[in-house]
Amino acid sequence: MNKLKLIIKREYLAKVRNKSFVVMTFLSPVLMVGMIVLIAYLAKLNDSESRAIAVLNQSDYFSNSFNATETISYIEFTKLDLETARDSALAMGSYGLLYVPKSENLEATTEGVVLYTKESPVSYILNTLETIFQNRLRQSRLTKLGVSSKAFAHIEQEFEINTATFEGEQNVKGINEIKAGIGGAFGYLIMMFIIIYGGFVMRSVIEEKTTRIIEVIISSVKPFQLMLGKIIGTSLAGITQFAIWIFSASLLLLVATFFMDIDLAALSAGPAMGSNAIGGVSQLQAGMDSDMQLYAAEILKIPWLLLICSFVLYFVLGYLIYSSIYAAIGAAVDNETDTQQFIFPIILPLMLAIYVGFFSVFSNPHGPIAVGFSLFPLTSPIVMLMRLPGGIGEGGVPLWQFLVSILVLIITFLAIVWLAAKIYRVGILMYGKKPTYRELYKWLKY
Amino acid sequence: MNHILVAENVSKKFGEHTALSNISLEIPKNCIYGLLGPNGAGKTTLIRIINQITHPDTGAVYFNGKPLGPEHIATIGYLPEERGLYKSMKVGEQALYLAQLKGLSKTEAKKRLKYWFERLEIGDWWNKKIQELSKGMAQKIQFIVTVLHEPELLIFDEPFSGFDPINANRIKDEILELKERGTSIIFSTHRMESVEELCEYIALLHKSEKILDGKLSDIKKAYKNNIFNVGLKLPMEKNGTLASLQEKYTITDQEYNEKENQLNFTMQLPDEHTTAALDLLKAKGNINHFNEVIPSANDIFIQTVNAKINE
């Protein structure tokens, strides 16, 4: 035990004192917040940019149609022929020239409309202009059919179905996605942690092999102790790094929003609807209309304690499984370039878990695929966490599935660590050969 | 209890490959025991078994009369052939870490390190990183780390590789000093001249089998074949002399220096025949030298291995 503590301490200090680790730790939050601020700033900048369009309108149908908006202003050309208008529009530096020809009727006129621009036009200008013509055409066709625009507005409407649980509680649309999203954020965190720090464990094993210190060390400690100490030490360094990241990123974000007056809520409200916890919080702040209150209530109903406890459980087990595989790979090879063939099969289930999670769990958290992947030990830490925000028991994950998934995970953990330790034990003393899977299998029997 | 280490019928297989077959060894206390053999003979496997890095498939190893177990790790010091240190770790920290892994307390380790750093003139490298050191300096630190916990049994695998001749000598003296203080030492090497100088006992491994072991002086005795180098100063021409000698004995490597009238040759005698041979030689001329050819460890090594290959 004492030796294990020594190893953990050394691995932790070796990692934490490493220059690139220190730089990464303190630079990443700055970079991350910088990115967010930059995106927010650019989005703001983009919104306020206004473009001028020259209009050569020779017809009578569109005399009052072009009204300046926040982003587009119009310059009316009169009594010019097309050639001159094009030249002068270019000379004025306007974004483009909209040419509306004179024809006998509206339909023919719209057929002849051309927008001249230097490069292919940006989509929002095209959309705005197209809407103008669409509306005008619709209006004229409605008149022909004898329908007033008031009547049309009355006809045109969207319909939403109300949903409720059998207990009569009103259901909130999209809450499944929000819940899976919150679980998904935890799952994603596990995946990132495994890939980053599993890689660290692997490189650290390779370093011991290439510096040839390994034989000196394992004449004092058991290879298994060394492997375990390495995994624990590295993950403690990782947790330290994550803690610093979360703390300093939130601090910086707070400072940035305070000083630069950037509306973060606006950023996350739209497409990122409920994709993470911040989205949920911002919705809390965004408004107090009834839908938002429902969402807030649903989010508060998520069993956070269960979620966080199982996150820790799945995180520890999942990380130990994967990082011992990484350690075994590091032991099997002589240098990092040889690791590729072994790394891919590790990344595969992780990626699969994330994608299956996002496609399958989002649409149906209790469907057969979601259940299958949340029981399979190499994907369960991620997929099960996506399902768990629905709770355990009625309406959520059946208790037996939760228990079976943890049981299978623990059994797998023991088996994998045992296998990895065997490969590790043999591999660290093997030099000069690029191992194949067949050879790894043979090592298991040594 | 005269043996620090006893191996009984130790065998080890790696898949199809046999690394050790039925090896039995007895390593006496307080001696330097040479473990010799060509590459791939199984020396490293045997050493790893003693260090409990790997375990034998069959057979047993006894340390001080007790079956080898985890409690013996702290009483063994091992300098592997493939050795190294953490490149980016500071010298002092690293030495402390490795000493603590062998069970020394931090304060005790620090005290002893200071002593050894002074003794081997390592000086103020404590806070330097290994990558800033020369190879020889790193090897010295490696040596210190190996002996620091004052083990009862020390295992050196090619201890002199990486040292310049001066420092190699320095390390040799340290090894002898350690032996004087009562440590038992296993010494694995290809460098036969150091075997002659250091080892009292040797074992020769070849292709996973032990083909020879025992006290070096006994082995040498067994390997000498009554071959003598002779130098004779002749009073007259040599031809008759050589011919008459060849009638009685097998003569090889003869050479004749006309200026000095000196005849040098090697002769093979039957057992217990030196006096008779000397009498004969005395009659032929003045004997300048007459000495028995004692095979070097190197000769024995090559001779036995070749004999084994020809079998």
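No lab work stands behind these numbers, since they all come straight from the coordinates. Only a predicted model underlies this, so the values are computations on that prediction, with no experimental measurement involved. Methodologically, a virtual Cβ is constructed for each residue, glycine included, from the backbone with ideal geometry; neighbour enumeration extends over all protein chains shown.
A few notes on this one:
- Prolate/oblate/rounded label for segment B:112-252 (Cα gyration tensor, a/c 1.5): prolate
- Rounded if a/c under 1.5, otherwise prolate or oblate - segment B:19-103, Cα gyration tensor axes: prolate
- Positive-end ranking of A:ILE217, B:LEU176, A:ALA85 along the dipole of the protein assembly as shown, with charges on Cβ about the Cα centre, is headed by B:LEU176.
- Backbone geometry of segment A:124-132 corresponds, through the Karplus equation with coefficients 6.51, -1.76 and 1.60 at θ = phi - 60°, to 3J(HN,Hα) couplings of 5, 5, 4, 4, 4, 5, 4, 4, 4 Hz, x marking Gly and Pro.
- Chain B: relative contact order as a whole-number percent, Cα under 8 Å and 6+ apart: 20
- Helix A:340-356 vs. chain A, principal-axis angle (Cα, 0 to 90°, nearest 10): 50
- Modelled FRET efficiency - R0 35 Å, B:TRP126 with A:MET24, Cβ distances, 0.05 increments: 0.75
- Look at the alpha carbon pairs under 8 Å that are at least 6 residues apart: their mean separation over the length of chain A gives a relative contact order of 19 percent.
- Charge dipole magnitude, Cβ of K and R +1, D and E -1 - segment B:126-256, Cα centre, debye nearest 20: 100
- Label sites at A:ASN127 and A:LEU145, each approximated as a point 7 angstrom past Cα along Cα to Cβ, lie 2.5 nm apart.
- Only beta bridges with both residues in segment A:50-146 are counted; by DSSP, about 25 percent of them are antiparallel.
- Helical contribution to [θ] at 222 nm, DSSP H n ≥ 4, -39,500 (n - 2.57), averaged over chain A, rounded to 500: -22500 deg cm²/dmol
- Qualifying chymotrypsin sites (Phe, Trp or Tyr not before Pro) in segment A:335-434, DSSP loop, other Cβ atoms within 10 Å at most 15: A:TYR431
- Take each residue of peptide B:93-103, count the partner chain Cβ atoms within 10 Å of its Cβ, and average: the result is 4.
- The orientation-averaged projected area of the convex hull spanned by the Cα atoms of chain B comes to 21.5 nm².
- Lysine-lysine proximity count for segment A:76-206, Cα under 29 Å, sequence distance 8 or more or distinct chains: 4
- Along its first, second and third principal axes, ordered by size, the protein assembly as shown spans 151, 69, 51 Å in Cα coordinates.
- Most tightly packed first, judged by the mean number of other beta-carbon atoms within 10 Å of their residues, the peptides A:50-62, B:201-213, A:97-109, A:227-239 read A:227-239, B:201-213, A:50-62, A:97-109.
- Remark: relative contact order (segment B:164-311) = 26 percent; criterion is Cα-Cα distance under 8 angstrom and separation of 6 or more residues.
- Each Lys and Arg adds +1 at its Cβ and each Asp and Glu adds -1 at its Cβ; summed about the Cα centre, chain A shows a dipole of about 2840 debye.
- Cross-link partners of B:LYS179 among aspartates and glutamates, defined as those whose alpha carbon lies under 13 angstrom from its own and excluding same-chain residues fewer than eight positions apart: B:GLU150, B:GLU152, B:GLU200.
- Which of A:ALA40, A:ALA14, A:ASN67, positive extreme of dipole for segment A:1-69 (C-beta unit charges): A:ALA14
- Lysine pairs meeting the criterion (Cα under 13 Å, 8 or more apart or interchain), as found in segment B:225-292: 5
- Size descriptor, Kirkwood hydrodynamic radius, that averages inverse alpha-carbon separations across segment B:225-292, Å: 11.9
- Remark: mean inter-chain Cβ contacts per residue of A:219-232 equal 3, using a 10 Å Cβ-Cβ cutoff to other protein chain atoms.
- Partner shielding of B:82-92 amounts to 5, given as the average count of beta-carbon atoms from other chains within 10 Å of each residue beta-carbon.
- The charge dipole of the protein assembly as shown, taken about its Cα centre with unit charges on the Cβ atoms of Lys, Arg (+1), Asp and Glu (-1) only, comes to about 1620 debye.
- Cα pair distances in segment A:75-202, grouped into 10 Å bins until the bin that holds the longest one, percent each: 9, 20, 17, 15, 16, 15, 7, 1
- Here chain A yields Rg over Rh of 1.14, to two decimals, using C-alpha coordinates and the Kirkwood radius.
- Each part gets one Cα centre, and for segment B:34-74 versus segment A:181-195 those centres are 47 Å apart.
- Cα gyration tensor shape of segment A:354-446, rounded if a/c is under 1.5, else prolate or oblate by comparing a/b with b/c: prolate
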